[in-house]
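Structure first, then comments.
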Amino acid sequence: MGRKCIALLALLALLPGLPVHTMAAEAPAVAASSAVLLDADSGRVLYARNEYEKRAIASITKLMTALVAAEYLDDLSETVTIRREWTGIEGTSLYLKGGEEISVKTLLYGLLLHSGNDAAVALAAHCAGDVETFVGWMNQRAADLGMAGTHFSDPNGLGDENHYSTALDMARLGAACLKNPVVAEIVSTRSITLEGRNFTNHNKLLWQYEGCTGMKTGYTRQAGRTLVSSAEREGQKLVCVTLNDGNDWADHKALLDYGFETYPRRVLIREGETLRRLPVDESLLRQIPVVARETVAAPVGEGERVTARVELPRTARAPVTQGEIAGQVTFYRGDRMVGTTYLVWGKSAGRDVLSTESPHSPLGMLRNLSGEG
């Protein structure tokens, strides 16, 4: 049965609201000028304070530098020959030297764990040929991620007045970094030694907060303390961002606790779970199960009602092949969609009975004898 047929025969059913039982928690007070807590998989904002306010962001810029470089470079063992103009960058540094040879992997770890400003310049120029072109790539990637309040002017965050972002945009960037296996692995590393260099992650939450999966710190006088952190518990991934926050370690712990306690991840349907059983025409099999192709989960707070719209034909017509698309289920919190998955046939059903429309079926032959048709 094809998708067109499914659409024509679709029945829309609004299932009863799924019961929700969670413990309420009061949103914490934070010292940050701007803050956001984001559910990484769904993109739902769980907490926000001045989330659209454009601010200086300091070295958390390097998350975008790392993401663009990791997406561009296939081989982390690739050797980079350092040019003299990439050295002597102000601030935190790997103290790279002109003519030195170093791997992309070491530069990426030096960028994210040690926050090397010279590593940022070296990666940018190596990837794009020059820093300006790479910064253009960073801004294009920001646009791709919907970071409408962001503009980069360098790869390290030392920036001028044209280098800024928002707490919401940086949370979206953090979620994108979690989906990149190279970046996600690096930011979760506590310490490592590469090519004679020892790197220790500046993110104290990796030691202090259960489930922390990393991210990036930053500081300049203009930006104040900036921090992007991530944590995972029971399959739920959260990203927290604070800008200009003198109490960021404590604030991130409080915000992450608030998210996990107040908006826990709820599985709405599991892969392979039977949603309906439909009658089967033209088959000896009387019913056929319809199952979810993928697991759908979403953060759900206390008192929130989740409903499901199911699109399925009234009946199945043999032959039916297990795994083929039968329909779709879409979940809503109020009028906002929170997840969807295709529904597929859970079994195969052969065509065992001739259609009554066939001229060779008993009814069809009677019709021919009586002159009907």
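The values are calculated or read from the model by the stated rules, or taken from the named source; none is laboratory data. Everything quoted here is computed from the prediction, not taken from an experiment. We place every Cβ from the backbone using ideal geometry, glycine too, and count neighbours over all the protein chains shown. What goes into the accessible areas is simple: the full protein's heavy atoms, side chains included, and nothing from ligands, DNA or RNA. Shrake-Rupley method; radii C 1.70, N 1.55, O 1.52, S 1.80 Å.
Using only alpha-carbon positions, what ratio does the radius of gyration of region 167-264 give when scaled by 2.2 N^0.38 Å? Could you put the intermediate results ahead of the total?
Numbers: Rg = 13.5 Å, N = 98, 2.2 N^0.38 = 12.6 Å.
Relative to the rule-of-thumb radius for its length, region 167-264 sits at 1.07.
Treat each spin label as a single point 7 Å out from the Cα along the C-beta direction, and report the Trp207 to Val267 distance in nm.
3.6 nm
Set Lys and Arg Cβ to +1 and Asp and Glu Cβ to -1, take the dipole of the chain about its Cα centre, and tell me which of Leu73, Asn156, Leu312 lies farthest positive.
Leu312
Taking a probe of 1.4 Å, how large is the accessible area per residue of the chain, in Å²?
On the way: 17960 Å² over 373 residues.
Here the residues of the chain average 48 Å² of exposed surface.
In whole Å, how far is the Cα centre of region 83-111 from that of region 220-279?
Each part reduced to its Cα centre gives a spacing of 33 Å.
Give me the aspartates and glutamates in straight-line cross-link reach of Lys179: C-alpha distance below 20 Å, same-chain residues under 8 apart excluded.
Within reach: Asp39, Asp41, Glu71, Asp74, Asp75, Asp144, Asp169, Glu232, Glu234, Glu294.
Helix 117-128 versus the longest principal axis of the chain: what is the Cα-based angle in degrees, 0 to 90, to the nearest 10?
50 degrees
Hey, what do the phi angles of region 298-310 turn into as Karplus ³J(HN,Hα) couplings, whole Hz, using 6.51/-1.76/1.60 and θ = phi - 60°, x for Gly and Pro?
With coefficients 6.51, -1.76 and 1.60, one gets 7, x, 10, x, 4, x, 7, 10, 10, 10, 10, 9, 10 Hz.
Given a 1.4 Å probe and every protein chain left where it sits, what share in percent of the accessible area of the chain is carbon and sulfur?
On the way: 8520 of 17960 Å².
On the chain, the fraction of accessible area on carbon and sulfur atoms equals 47 percent.
Does anything in region 140-183 have its amide N under 12 Å from the 7 Å Cα→Cβ label point of Val45, and if so which residues?
Those under the cut-off are 148-149, 166-172.
When the dipole is taken about the Cα centre of the chain, and only Lys, Arg (+1) and Asp, Glu (-1) are charged at their Cβ, what size is it in debye, to the nearest 20? Could the numbers behind the result be given before it?
Numbers: 39 positive and 44 negative charges, 227 e Å.
My answer is approximately 1080 debye.
Express in nm, to one decimal, how much length is gained between Thr220 and Thr274 on full extension, taking 0.36 nm for each residue of separation and deducting their alpha carbon distance.
14.0 nm
Just the Cα atoms of the chain: what Rg and Dmax do they give in Å?
Taking only Cα atoms of the chain, I get Rg and Dmax of 27.4, 98 Å.
With only Lys, Arg, Asp and Glu charged, each at its Cβ (+1 for the first two, -1 for the last two), find how big the charge dipole of region 173-224 is about the Cα centre; round to the nearest 20 debye. Display every interim value, and only then the final one.
Numbers: 6 positive and 3 negative charges, 39 e Å.
Using only the charged Cβ atoms, the result is roughly 180 debye.
Please report, to two decimal places, log10 I(q)/I(0) for region 222-321 at q = 0.10 Å⁻¹ as given by the Debye formula with identical point scatterers on the Cα atoms and no solvent.
Log-scaled intensity ratios, in q order: -0.51.
Going by amide H atoms built from the backbone, whose H comes under 5 Å of the H on Leu268, apart from near neighbours?
Long-range HN contacts for Leu268: Val296, Ala297, Ala298.
State the Cα centre-to-centre distance between region 291-352 and region 30-72 in whole Å.
When both Cα centres are located, 33 Å separates them.
Using unit Cβ charges (K, R positive; D, E negative) and no other charged atoms, how large, in debye to the nearest 20, is the dipole of region 99-171 about its Cα centre?
Numbers: 2 positive and 10 negative charges, 59 e Å.
Here region 99-171 has a charge dipole of around 280 debye.
Can you flag which of Lys105/Lys237; Lys54/Lys253; Lys62/Lys253; Lys62/Lys105; Lys216/Lys253 are past 18 Å Cα-Cα?
Details: Lys105/Lys237 25 Å; Lys54/Lys253 24 Å; Lys62/Lys253 22 Å; Lys62/Lys105 15 Å; Lys216/Lys253 15 Å.
From the list (Lys105/Lys237; Lys54/Lys253; Lys62/Lys253; Lys62/Lys105; Lys216/Lys253), the Cα-Cα distance tops 18 Å for Lys105/Lys237; Lys54/Lys253; Lys62/Lys253.
Provide the percentage of antiparallel DSSP beta bridges, counting only those with both residues in the chain; round to the nearest 5. Can you show the working numbers first?
Working: 67 of 69 bridges.
About 95 percent, rounded to the nearest 5.
Each residue of region 315-320 in order: what ³J(HN,Hα) in whole Hz does its phi give by Karplus 6.51 cos²θ - 1.76 cosθ + 1.60, θ = phi - 60°, with x for Gly and Pro?
The phi angles translate into 9, 9, 10, 5, x, 10 Hz.
Where does the charge balance sit around Gly149 when Lys and Arg score +1, Asp and Glu -1, over other residues with C-beta under 11 Å from its C-beta?
Numbers: positive: Lys54, Arg55, Arg172; negative: Glu51, Glu53, Asp169.
Result for the neighbourhood of Gly149: 0.
Is region 36-86 best put as rounded, prolate or oblate by its Cα gyration tensor, with a ≥ b ≥ c the root eigenvalues, rounded for a/c under 1.5, and otherwise prolate when a/b is larger than b/c, oblate when not? Working shown, then result.
Details: a/c = 5.27, a/b = 1.90, b/c = 2.77.
Judged from the Cα gyration tensor, region 36-86 comes out oblate (a/c at least 1.5, b/c at or above a/b).
Around Thr341, which amide H atoms from residues at least 5 apart in sequence, or from another chain, sit under 5 Å from its own amide H, with H modelled in the peptide plane?
So Thr341 has HN proximity to Val329.
What net charge do the residues around Thr87 carry, taking every other residue with its C-beta under 10 Å from that of Thr87, with Lys and Arg at +1 and Asp and Glu at -1?
Details: positive: Arg83, Arg84, Lys97; negative: Glu85, Glu100, Asp118.
Here the count lands on 0.
In nanometres, what is the gap between the two model label sites at Arg317 and Thr330, each 7 Å from Cα along Cα-to-Cβ?
Those two pseudo-labels are separated by 2.5 nm.
Taking H placed 1.01 Å from N in the peptide plane, check which residues at least 5 places from Ser34 or on another chain put their amide H under 5 Å from its amide H.
For Ser34, the qualifying residues are Leu243.
Helix-derived [θ] at 222 nm for the chain: sum -39500 (n - 2.57) over DSSP H runs of at least 4, divide by residue count, nearest 500? Intermediate results must be reported in sequence, preceding the final value.
Working: 10 runs with 101 residues, N = 373.
Result for the chain: -8000 deg cm²/dmol, rounded to the nearest 500.
I'd like the accessible area for Thr330, computed on protein heavy atoms only with a 1.4 Å probe and all protein chains in place. Round to 10 Å², please.
Using a 1.4 Å probe on the heavy atoms, I get roughly 10 Å².
Apply the Karplus parameterisation 6.51 cos²θ - 1.76 cosθ + 1.60, with θ equal to phi minus 60°, to every residue of region 61-76 and state each ³J(HN,Hα) to the nearest whole Hz, in sequence, with x for glycine and proline.
After applying 6.51 cos²θ - 1.76 cosθ + 1.60, I find 3, 5, 5, 5, 4, 5, 4, 5, 5, 5, 6, 7, 9, 8, 10, 6 Hz.
Within 13 Å, Cβ to Cβ, of Leu96, how many net charges do the neighbouring residues add up to if Lys/Arg are +1 and Asp/Glu are -1? Please report the intermediate quantities before stating the final value.
Values: positive: Arg83, Arg84, Lys97, Arg197; negative: Glu85, Glu100, Glu101, Asp118, Glu195.
That works out to -1.
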